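In what follows, a single structure is set out as structure tokens and then discussed.
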Amino acid sequence: MIDPASISKAVSILKSGGLVAFPTETVYGLGGDADNEKALKAIFKVKGRPETHPLIVHIHAAGQLKDWARNIPKAAEDLARKLWPGPMTLILQKADRVSKVATGGQDTVGLRVPDHEVALALLKEFKGGVAAPSANRFGKVSPTTADHVRRDLGNDVDFILDGGPCTVGVESTIVDFSSGDPVILRPGGLTRERLEQVLGRPVPVRAAGVVRVSGQLESHYAPRARVVIASPAEARSQADALKAGGKIVMLLGEKDVAASELYASLRRADESGADIIVVPLPDETGLGLAVADRLRKAAAGR
Ligand code: TXA
Ligand code: MG
């Protein structure tokens, strides 16, 4: 799966300030050198993302944490050692090295070690940190294949590393340690249950409302078609009722929408010309918590 020539090419593009899209286990990232403010600004520009919305810095091992963060709580250090590489981002007080362009002006930084052999090969050879949001235009559905990235960003990205479809399919779980005790800012690929098991205590999910992370904005992760949420029991009759109104309706799954298929399904529905996507919410346990979160945001008013 790893092509050393592609990795070297990607590394030299990053070193010269260019942008490289790369696979992770969650979604594809749009990467730039975290130490290069020109590259960081280019990421915001290509994504069309407001400059106040911070980027995650990707590193290759928990041992690099101290290069990027300070005053690291022991619980955060433990999580990093036990769960990285993995779909978890830690929010910590930033080290001096970290540019405020990456953090959207904040004194905290998001850090993560992705669990994907291509990403890890890239990060190891690059040595520094790679700042990367999901490789989609702001507010849209995240890419889970190299082809999604190509279609979304086209020539605005210098190079795309193809690592096949993402296995997890929803973004990382963001765990905020910036005020001491852990809080989940965004449910994601690492389940709350697993997090609580490792920490040995309950971890609250921060209530929506305060806009600080971009995924917390009302409408986000949104396909072109309108998304209508229905209970699993009502999805079928809802779909039929809307169909009667002359709209095209897509019903995703009979019960649960698998996390790994979620974004590809929304994209396929758009491509099929759907006006409305009727979708049942999964149980909010395990990965269902992240799937339900993304569906609610996809359904939020635009
Ligand atoms: O799985 C993922 O996390 C993917 C892959 C590429 O790693 N990345 C991703 O990045 O989803 P992005 O930029 O689309 O979402 C990152 C989220 C944003 O909502 C951002 O605001 C939040 O992380 N974030 C980053 N740094 C933060 C900070 N210092 N404080 C609070 N939120 C932060
Ligand atoms: Mg994103």
- Only helical DSSP H runs with n ≥ 4 go in: add -39500 (n - 2.57) per run for the chain, normalise by residue count and round the 222 nm mean residue ellipticity to 500 deg cm²/dmol. -10000 deg cm²/dmol
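Kindly give the semi-axes, whole Å and largest first, of the ellipsoid equivalent to the range 1-127, taking each as the square root of 5 times a Cα gyration tensor eigenvalue.
21, 19, 12
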- Item | Pairwise centroid distance, computed over Cα atoms, of the range 265-287 with the range 10-88, Å | 29 Å
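Taking 0.36 nm per residue of separation and subtracting the Cα-Cα distance, what length does fully extending Ser8 through Phe159 add?
Working: separation 151, 0.36 × 151 = 54.36 nm, distance 1.16 nm.
Length difference between fully extended and current span is 53.2 nm.
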- His53, His58 arranged by Cβ crowding within 10 Å, fewest neighbours leading: His53, His58
- Message: Can you tell me which of Val157, Val170, Val113 moves the most in a GNM of the chain? Springs connect C-alpha atoms under 10 Å apart.
- Response: Val157
- Taking the radius of gyration and the Kirkwood hydrodynamic radius from Cα positions alone, what is the Rg/Rh ratio for the chain, to two decimal places? 0.97
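Given C-alpha coordinates of the range 55-154, what is the ratio Rg to Rh with the Kirkwood estimate of Rh?
0.98
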- Task: State the antiparallel share, in %, of DSSP beta bridges confined to the chain, rounding to the nearest 5.
- Result: 50 percent
- Item | Paramagnetic reach from Lys38 (point 7 Å along Cα→Cβ, amide N under 20 Å) across the range 89-130 | 98-103, 126-130
- At q = 0.16, 0.32, 0.33 Å⁻¹, what is the log10 ratio I(q)/I(0) for the range 263-302, with the Debye formula run over Cα points and no solvent? -0.43, -1.13, -1.15
- Modelled label-to-label distance, Glu125 and Arg201, 7 Å Cα→beta-carbon offset: nm? 4.3 nm
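Could you quote the convex hull projected area for the range 38-102, Cα atoms only and averaged over all directions, in nm²?
If I average the Cα hull's projected area over directions, I get 4.8 nm².
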- Message: Distance cut-off 19 Å, Cα to Cα: go down the list Lys45/Lys297; Lys15/Lys94; Lys100/Lys297; Lys15/Lys38; Lys41/Lys297 and report the pairs above it.
- Response: Lys45/Lys297; Lys15/Lys94; Lys100/Lys297; Lys41/Lys297
- Using 1/(1 + (r/R0)^6) with R0 = 25 angstrom and r between the beta carbons of Ser16 and Phe138, what's the FRET efficiency to the nearest 0.05? 0.50
- Task: Among Ile43, Ile277, Ile7, rank each residue by its count of other Cβ atoms within 10 Å, from fewest to most, as a rough exposure measure.
- Result: Ile7, Ile43, Ile277
- When you have a sec, figure out the Kirkwood radius of the range 110-184 from all distinct Cα pair distances and drop it here in Å to one decimal? 14.2 Å
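Read-outs: derived from the displayed coordinates by stated rules, not from any lab. Every value quoted in this text rests on a predicted model; they were computed, and no experiment measured them. Backbone-built Cβ (ideal geometry, glycine too); neighbour counts: all protein chains shown.
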